[in-house]
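See below for the structure under consideration.
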């Protein structure tokens with residue numbers, strides 16, 4: 001019997017864990033009817049044909065998340081809790097789970113039930129058909145502001161146009177990964193992780209499964225605008241050096257225009273003379289050149305900062321304890 005593990009990073013999810021655990025327990029006991037793409041008739045998938053394990057990674061929660069996870073672990077021996085020493089961020093929390101998780105396949109999902117458990121049987125079906133990465137593609141993004149939705153789409157289009165990989169819009173961490181994909185992701189030890197890009201970078205055969213993202217059962221998302229902006233910058237700088245090239249090209253164009261304008265001023269002064277005028281023009285040119293220089297320095301600084309973090313070679317996470325039923329180490 002093949003083993004499927006479900007990896008769930010948690011940060012302040014005390015309001016969602018009981019609902020999630022009940023949904024997962026129901027999943028492992030049911031026979032699900034699915035309607036996969038290309039099938040003329042519904043297909044029945046028995047979840048009881050697989051051995052299920054659950055791994056929760058407590059990413060430095062400040063509420064009762066760890067307490068609730070301990071209670072759940074004492075009820076079900078299939079649960080393993082990875083308790084990190086502090087909040088290292090979702091990307092590193094997922095890596096901690098990947099390093100320790102067992103099974104022939106791993107399903108990554110959020111603890112807030114925005115990733116519907118009902119989609120998992122279809123993921124398992126396509127995995128059984130030979131696909132190594134079965135990812136969930138959102139048809140509906142849930143309740144979010146128009147600004148955030150539009151900025152997300154702009155980011156994906158920008159990343160797709162400048163990155164060295166093909167990205168998947170409206171696709172997040174909700175996916176089923178075969179063991180060999182997990183092993184490949186574990187081998188990538190960079191500290192500035194953009195896992196959504198790494199899924200594409202490692203390759204393997206992929207299949208999309210559509211789902212409608214639900215609303216959060218409880219609590220509030222810890223991903224505010226600035227954290228999402230930092231994640232976007234990580235995605236661009238981790239997978240492309242084109243911003244550096246664009247800064248160089250912009251510098252070359254501005255230098256050429258400035259040189260051309262200087263020649264024009266010299267010729268104009270020799271032929272017609274020049275009174276002491278042009279102060280506003282001079283200020284505009286100085287501000288333009290200064291702004292471009294600061295922009296280029298900022299782009300260089302982003303890459304330099306990543307080099308600085310990588311050469312320190314610090315571990316991406318620290319485990320405080322590993323908790324299972326009635327045991328703790």
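The values are calculated or read from the model by the stated rules, or taken from the named source; none is laboratory data. The model shown is predicted, which means the values in this text are computed figures rather than measured ones. Ideal geometry is used to build each Cβ from the backbone, glycine not excepted, and the neighbour counts take in all protein chains shown.
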For region 173-194, which positions are buried (at least 18 other Cβ atoms within 10 Å of the Cβ) and modelled with pLDDT of 80 or more?
173, 174, 175, 176, 177, 178, 181, 182, 184, 185
Give 67, 41 a once-over and let me know the one that is part of a loop (DSSP other than H, G, I, E, B), surrounded by fewer than 17 Cβ atoms within 10 Å (Cβ to Cβ) and assigned by TED's automatic domain parsing to the domain that holds residue 139.
41
Within region 6-17, does at least one residue satisfy the condition of being more than 19 Å from residue 90 (Cβ to Cβ) and surrounded by 13 or more Cβ atoms within 10 Å (Cβ to Cβ)?
no
For region 168-207, give me each residue that is within 11 Å of residue 98 (Cβ to Cβ) and touching a strand residue (DSSP E or B) at 6+ places or on another chain (Cβ under 8 Å).
177, 179, 181, 182, 185, 195
Does region 45-56 include one or more residues that are under 15 Å from residue 323 (Cα atoms) and not in a strand (DSSP E or B)?
no
Every residue in region 1-23 that is under 19 Å from residue 123 (Cα atoms) and within 23 Å of the chain's Cα centre (by Cα), please.
4, 5, 6, 7, 8, 20
Within region 136-159, is there a residue that is modelled with pLDDT of 85 or more, surrounded by 13 or more Cβ atoms within 10 Å (Cβ to Cβ) and under 22 Å from residue 92 (Cα atoms)?
yes
Right, residue 78: within 24 Å of residue 2 (Cβ to Cβ) and either touching a strand residue (DSSP E or B) at 6+ places or on another chain (Cβ under 8 Å) or surrounded by fewer than 21 Cβ atoms within 10 Å (Cβ to Cβ) (or both) or not?
yes
Can you list residue pairs whose Cβ atoms sit under 6 Å apart, with the first residue in region 192-209 being on the phi > 0 side of the Ramachandran plot and the second being modelled with pLDDT of 85 or more? Count only pairs 6 or more apart in sequence or on different chains.
204/132; 204/133; 204/181
